[in-house]
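Written below as structure tokens is the structure these notes are about.
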Amino acid sequence: MVSDMTTCNQNANPKLGILMLDTQFPRIPGDVGNAETWPFPVQYGVVRGATPQAIVCADMELFVEAFIHIGQDLVHDGCIGIATTCGFLALIRPRLAKALGVPVAASALEQAGQILPMLAPDKQLGVLTISAASLSPAHLAAAGVPSATPIKGMDGSSFATSILANEPTLDVDAARAEMVEAAQALINQHPRVGAIILECTNMVPYAPDIAQATGRPVYSIYTYLRWFYAGLTPRSF
């Protein structure tokens, strides 16, 4: 498998390396795979063959060594931390961190331990995922998400179909409407949900709509990696 490397040099700050799935769907502003999303320099490394379907719905173990290899390339190129573009990769984060020797942020779900203490004692997290059918207890445990956390999937939606089938087009308006509908259903079914985590890194563009519709704070790979990078490069005052 061969890596494709692209870099966004916005300033002289160190780069965050991002391990990319092998995709062709549109990377709209806000998407983890759009370099303009980030207020810091990023460098992407594509893991060939690791399509969304292969990682979310099949056996990601087939690609672990490829993720490590591409991650090593990114670290060699000067990246001071590594992230991924799929929340399901929380399963392999410990192996990535051990092999790469730099901090690794693999999944937006890993924010659970930060968010829960901020909520009132009678509140809980909710998760919006691209596939509730594929998000297993093992994924939740690897990311530190309590097993009783309510989960709402986008299974069968046009959004999920476009991403998982790796289609070259994406109906953004339809995806936004589907996302809001799913988030509202999550809240209606579980009124104790006080904050929502977006598992899927492609959901970030719709976070403002979800927050407005539900009245809940929304956390995503965007909120996670901004915090992650801030710790890697503390600001001087």
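The values are calculated or read from the model by the stated rules, or taken from the named source; none is laboratory data. Quick caveat: nothing in here was measured; it's all calculated off a predicted structure. Quick reminder, even Gly has a Cβ in these numbers, built from the backbone with ideal geometry, and neighbours come from all protein chains shown. Please note that ligands, DNA and RNA were not included when accessible areas were found on the heavy atoms of the full protein model with its side chains. Shrake-Rupley method; radii C 1.70, N 1.55, O 1.52, S 1.80 Å.
Side notes on the structure shown:
- Point-to-point label distance, residue 148-residue 12, nm (Cα→Cβ direction, 7 Å offset): 5.3 nm
- Cβ-placed point charges (K, R +1; D, E -1), dipole of the chain about Cα centre in debye, nearest 20: 760 debye
- Taking the 1.4 Å solvent-accessible surface of the chain as the whole, the part contributed by carbon and sulfur is 55%.
- Recomputing Cα extents along the principal axes in Å from the coordinates shown identifies the correct label among [x] 47, 44, 31; [y] 70, 35, 33; [z] 47, 40, 30 as [x].
- Hits among lysines - C-alpha to C-alpha of residue 152 under 21 Å, sequence gap 8 or more where chains match: 123
- The simple Förster model, with R0 at 35 Å and r as the Cβ-Cβ distance, assigns residue 188 and residue 133 a FRET efficiency of 0.95.
- Over every Cα atom in the stretch 1-132, the radius of gyration and the widest Cα-Cα span, Dmax, amount to 15.3, 49 Å.
- Per-residue surface analysis assigns residue 227 an accessible area of about 140 Å², computed on protein heavy atoms at 1.4 Å probe radius.
- Using the Stokes-Einstein relation with a Kirkwood hydrodynamic radius computed over Cα pairs, the translational diffusion coefficient of the stretch 96-237 at 20 °C and a viscosity of 1.002 mPa s comes to 135 µm²/s.
- For the chain, the solvent-accessible area with a 1.4 angstrom probe is 42 square angstrom per residue.
- Residue-normalised convex hull volume from the C-alpha trace of the stretch 99-178: 149 Å³ per residue.
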